[in-house]
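Visitor: Structure incoming, see below.
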Amino acid sequence: MSLVIGIDGMGFGEYGFSAVSTPNMDRLIGGAWQPNYNGSYSDQAFAGGVVGEATQQATLSGPGWSTVLTGVWANRHRVPDSNFFNPDFENNPTYLETLEESVAGIHSATIVAWSKIHEHILATANDANSQLDFRSNPGGDLSVTSTTVAHIGSLVDGVPAAVFVQLTSVDTSGHLFGSGGVGYGDSITYTDSLIGQILDAVSNRPHFAYEDWQVIVTSDHGQKAEGGHGGHSDAERLIPLIISSKNITQGALAPAVLQGVSHADVAPTVLGHFGVPIPSHYFGGVLGTPLPDDPLDSDFDADGDIDGIDFLGWQRGYGPIGPMSQSAGDANYDTVVDSDDLAAWGTQFGGVPVELSNSNFDIDNNVDGMDFLRWQRNAGAVGRANLFIGDANRDGNVGKYDFQLWESQFGQAAGTSFDSDFDGDNRIDGRDFLQWQRGYGVVGGAEHAQGDASHNGAVDSFDLGAWEAQFGRTSLPLLAASVPEPGTCVLLICGFFWILLPSRRPLLAAASQSTSNGISFAKC
C-alpha cells in the first residue's frame, strides 16, 4: 500500500518547515506514527535537478510534479515550465502507470488540487495497458483532504493500492508572504493538520494492522524569503522528504544516488515498495534499502579485470608484514598481504574491481569517530554513493566493508587530502565552484587551481563532491602520509562503536543535526 502526499511549495526559511509546528509530519519522521513503523527524513532533498548538468530544471510546479511522478528530470520528460508545451510522458510514464502495468489488480488513485497534474502529467496514463482507477480534482486543500479520507476508507481489503495526493495552499501562501513571512508558516501548520486527517484515515482502516503501508511526504520546490520560485537558490531548491514504513531504517534518509536525495527518488522508492524493477532511465533510486554486501578490491594491477595477473601481483606481495598497498596485493586494505587477500581474489576472480579506499568521509584529514557517524547515518545507500557519505572503497554502496575499512584506518591521517580552495583565498565558497566548473572535464595534467581537489590530475565529479563537502570551511593543509596503525586503546574504541552499531543507530543519528556534506538528520 502506498500513499504519496505532495505539498506544493513547501521548503525552509525563517517560517519554513523546520521552524513551525508540524506534529503529524513529526510523527512520521520520529517513527511514532503507528507501532512497527519507522521514519526516515532529509531536510536537504533537492528540486531543480543537478545545477550545471543536463538535469538542471526550473523550480516550478510543472517540471517539479513531473519529476516526482516520473522519476526523471526535464531533459527527459520535456517539461521546462508549467505550460506543458511538448511533454514526453509516453516514454517517461508516471510510477502509477508503471504500477498498473506491473502489479496485478492494483488500485491507483490521484486526488489533486492543481488540475494540470491530471490534464497533462497523467493525460497518457490511461491506455491499452493501464487504467487509473480513480481521479479527482475537487478544488481546494480541504476538499482534497475530505475526498482522500473517504477514498482511503473505501479501499478494498487485500487489494494493493497506490494513492497520490497533492495539496497547494502552502505555495499560495508562499507567493503572498514568502518563506520569511508568518503566513507561510501558518499554512504549513494548517496543511500538517490535513495530513493528520489523512493519516488517521489510513490507521483507522479495519485491517490496518495487517497492511503494509509506505507513506511519503515531499514537495515540488521551495520558496524565496520574499516569495516566488523558479531559480536555484537554496530557498527554492531545498525541500523536505519524509518516508514512513515498516521496512525503512529509522533516522537519516541515506542518499540512493551520488548527487544526494531528491524528489526524483519518490517514484523508484514507491516501485521498490511493491517489488517492481526500477526502469533504467530513472535518475533516482530506492531510498531506505537494506545494507548491501560490498565487494573487496582484488584488481591489483588496475586494468579493470580481476584475473590471473592479479594473482601474480598478490604472489609477489605475499609475506611482508606491512604497510603494504592495494596494488601490492592487499585486497582488504589492512596493510598486510596474506591469505585473506588470496581468498578475496578467489571470490572475485572474473569480476569487476572497485577503487582504493579512503575512510576520511568528512575530509577533515583525520579518520575518526565523526567519520564513523557519517558512515552510520548513510549505511544502506546503494548505487552511486560517494566517499563523502561513507563509501570508503568507492564501489557506489555504503555497507559493511566500508565500516571495516574505517576500522582499519581509525586514528590515521587521511591517505588522500582534499583541498577545494581553488582560488587560494583561504575560503571554500562559490568562487571555487566556478573554478571547478571552468576546469570540469580535464582528464590529465590538471592543476589545483583548475578544480582538482584530489590532486590526481583530473577535474571531475569527485572534485565537485569534495567542494560540496568542504563548502563554508577555510582551506585545509594537505597531509601527505598516514600515521602508524592504532594501538590497543584505539581498538577498544572501535569495539565500543561496533557494540553500538546494531542497536544505537537511531540514537547516534539524532545526536547531530547536520554534517558538512549538507545532509541533515533530525527535524528541530
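The values are calculated or read from the model by the stated rules, or taken from the named source; none is laboratory data. Computed from a predicted structure; not experimentally measured. Cβ coordinates were reconstructed from backbone atoms using ideal geometry, including for glycine residues, and neighbour counts include every protein chain displayed. Protein only, heavy atoms only, side chains kept; ligands, DNA and RNA dropped before computing areas. Shrake-Rupley method; radii C 1.70, N 1.55, O 1.52, S 1.80 Å.
Visitor: Binning at 5 Å from 0, report for segment 421-479 what percent of all alpha-carbon pair distances ends up in each bin.
Guide: It works out to 4, 24, 35, 25, 10, 1, in whole percents.
Visitor: Run the accessible area of segment 98-138 with a 1.4 Å probe and give the carbon-and-sulfur part as a rounded percent.
Guide: The C+S portion of the solvent-accessible surface of segment 98-138 is 43 percent.
Visitor: Determine the shape class of segment 104-219: with a ≥ b ≥ c the square roots of the Cα gyration tensor eigenvalues, call it rounded for a/c under 1.5, and otherwise prolate if a/b is greater than b/c, oblate otherwise.
Guide: Oblate shape, in that a/c is at least 1.5 and b/c is the bigger or equal ratio.
Visitor: Using only the alpha-carbon atoms, what does segment 23-155 span along each of its principal axes? Please give whole angstrom values in decreasing order.
Guide: 43, 38, 31
Visitor: If amide H atoms are built 1.01 Å from N in the plane of the peptide, which residues on other chains or at least 5 residues away come under 5 Å of the amide H of ASP88?
Guide: Answer set, sorted by chain and number: ARG78.
Visitor: Shifting gears a bit: Based on the mean of other beta carbon atoms within 10 Å per residue, what is the order of 95-102, 112-119, 443-450, most packed first?
Guide: By packing density, highest mean first, the sequence is 95-102, 112-119, 443-450.
Visitor: Would any residue of segment 166-187 have its amide N under 14 Å from a label point 7 Å out along Cα→Cβ of GLU14? List them or say none.
Guide: Within reach of a label on GLU14: 177-186.
Visitor: Turning to a different aspect of this structure: Rounded to the nearest Å, what's the spacing between the alpha carbon centres of segment 192-261 and segment 49-125? Just the number, please.
Guide: First find each Cα centre; the distance between them is then 17 Å.
Visitor: So what J values fall out for segment 63-80 if you push phi through Karplus, 6.51 cos²θ - 1.76 cosθ + 1.60 with θ = phi - 60°, rounded to Hz, Gly and Pro as x?
Guide: These are the phi-based 3J(HN,Hα) values: x, x, 5, 4, 5, 4, 7, 10, x, 9, 9, 5, 5, 10, 7, 6, 10, x Hz.
Visitor: A follow-up question, please. If N is the number of residues in segment 192-254, what value comes out of its Cα radius of gyration divided by 2.2 N^0.38 Å?
Guide: Its radius of gyration relative to the 2.2 N^0.38 Å reference: 1.49.
Visitor: Once you place label points 7 Å from the Cα toward the Cβ at SER102 and ARG473, how far apart are they in nm?
Guide: 3.9 nm
Visitor: How far, in nm, would the chain grow between ASN36 and ASP307 when pulled straight, counting 0.36 nm per residue and subtracting the alpha carbon separation?
Guide: Length difference between fully extended and current span is 92.9 nm.
Visitor: Compute the relative contact order of segment 142-246 as a whole-number percentage, counting only Cα pairs closer than 8 Å that sit 6 or more residues apart in sequence.
Guide: 28 percent
Visitor: A further question follows. Rounded, prolate or oblate: which one fits segment 6-51, using the alpha carbon gyration tensor with axes a ≥ b ≥ c (rounded when a/c is under 1.5, else prolate when a/b beats b/c, else oblate)?
Guide: The shape class here is oblate.
Visitor: Could you grab the relative contact order for segment 179-241? Cα pairs under 8 Å, six or more apart, rounded to a whole percent.
Guide: Dividing the mean separation by the residue count of segment 179-241 yields 34 percent.
Visitor: For segment 175-192, take each phi angle, set θ = phi - 60°, evaluate the Karplus expression 6.51 cos²θ - 1.76 cosθ + 1.60, and give the result in whole Hz per residue in order, putting x for glycine and proline.
Guide: Computed from phi, the couplings for segment 175-192 are 5, 7, 10, x, 5, x, x, 4, x, 5, x, 4, 5, 5, 4, 5, 5, 4 Hz.
Visitor: Further, regarding this structure: For GLY251, enumerate residues with amide H under 5 Å from its amide H, sequence gap 5+ or separate chain, H modeled in the peptide plane.
Guide: GLY39, SER40, TYR41
Visitor: Here's something else I'd like to know. Name the residues whose placed amide hydrogens come within less than 5 Å of the amide hydrogen of SER2, ignoring near sequence neighbours (fewer than 5 apart) on the same chain.
Guide: HN-HN under 5 Å from SER2: ALA161, ALA162, VAL163, GLN214.
Visitor: Solvent-accessible area of HIS455, probe 1.4 Å, all protein chains present, reported in Å² to the nearest ten, please.
Guide: 90 Å²
Visitor: While we're looking at this one, here's another question. Given a 1.4 angstrom probe, what's the average accessible area per residue across segment 170-239, in square angstrom?
Guide: 36 Å²
Visitor: How far apart, in nm, are the 7 Å Cα→Cβ label points at ASN426 and SER280?
Guide: 5.2 nm
Visitor: Show me, for segment 116-126, the HN-Hα J-couplings you get by feeding each phi into the Karplus relation (A = 6.51, B = -1.76, C = 1.60, θ = phi - 60°), rounded to Hz, glycine and proline as x.
Guide: Computed from phi, the couplings for segment 116-126 are 5, 4, 6, 5, 10, 5, 9, 4, 9, 5, 8 Hz.
Visitor: Averaging sequence separations of C-alpha pairs under 8 Å and six or more residues apart, then dividing by the length of segment 1-117, give the relative contact order as a whole percent.
Guide: Across segment 1-117, relative contact order equals 12 percent.
Visitor: If I stretch the segment between ASN91 and ASP234 completely, what's the gain in nm (0.36 nm per residue apart, minus their alpha carbon distance), one decimal?
Guide: Separation in residues times 0.36 nm, less the Cα-Cα distance, equals 48.4 nm.
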